[in-house]
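Scroll down for the structure; my scribbles are underneath it.
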């Protein structure tokens, strides 16, 4: 999927009820493996929002696409570090026989829980 195609899907999925509706954002990165898209706000370039697409190809409801992170670049980096640490810990537990290995689809059993790290003092909440 092209970068512009991903930006189009973000625009399609964001409905009138979504926090990003009517907000000018630019897609700056995407992770096709996990359907995550990092958007930078045009009016506030210090602000980034990561959304998880559903690929429904229509406007979503019920809070979808989900917002994985919203704040400054540092907030996004802290979340990515927390996710990496949780996945690394799960892999170590697998090697020690303390948890079942990931499935062929790449999903772990049981689920990995990631707690959002503390945000900076001036981060949006």
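The values are calculated or read from the model by the stated rules, or taken from the named source; none is laboratory data. Every value quoted in this text rests on a predicted model; they were computed, and no experiment measured them. Cβ: placed from backbone, ideal geometry, glycine included. Neighbour counts: every protein chain shown.
Give the residue that is modelled with the highest pLDDT, with candidates limited to residues of region 84-100 that are assigned to a loop (DSSP other than H, G, I, E, B) and loosely packed, with under 12 Cβ neighbours inside 10 Å. Looking at the filtered set, the residue picked out is 96.
Being assigned to a loop (DSSP other than H, G, I, E, B), surrounded by 12 or more Cβ atoms within 10 Å (Cβ to Cβ) and without any contact (Cβ under 8 Å) to a residue 40 or more places away in the chain holds for only one residue in 34, 62, 76, 21, and it is 34. Taking only region 37-59 into account, find how many residues are in contact (Cβ under 8 Å) with a residue 40 or more places away in the chain and not in a strand (DSSP E or B). The number of residues fulfilling the criteria is 8.
Applying the selection to region 45-94, what residues are more than 24 Å from residue 11 (Cβ to Cβ) and under 12 Å from the mean Cα position of the chain (by Cα)? Once the filter is applied, which keeps residues that are more than 24 Å from residue 11 (Cβ to Cβ) and under 12 Å from the mean Cα position of the chain (by Cα), region 45-94 yields 77, 80, 83.
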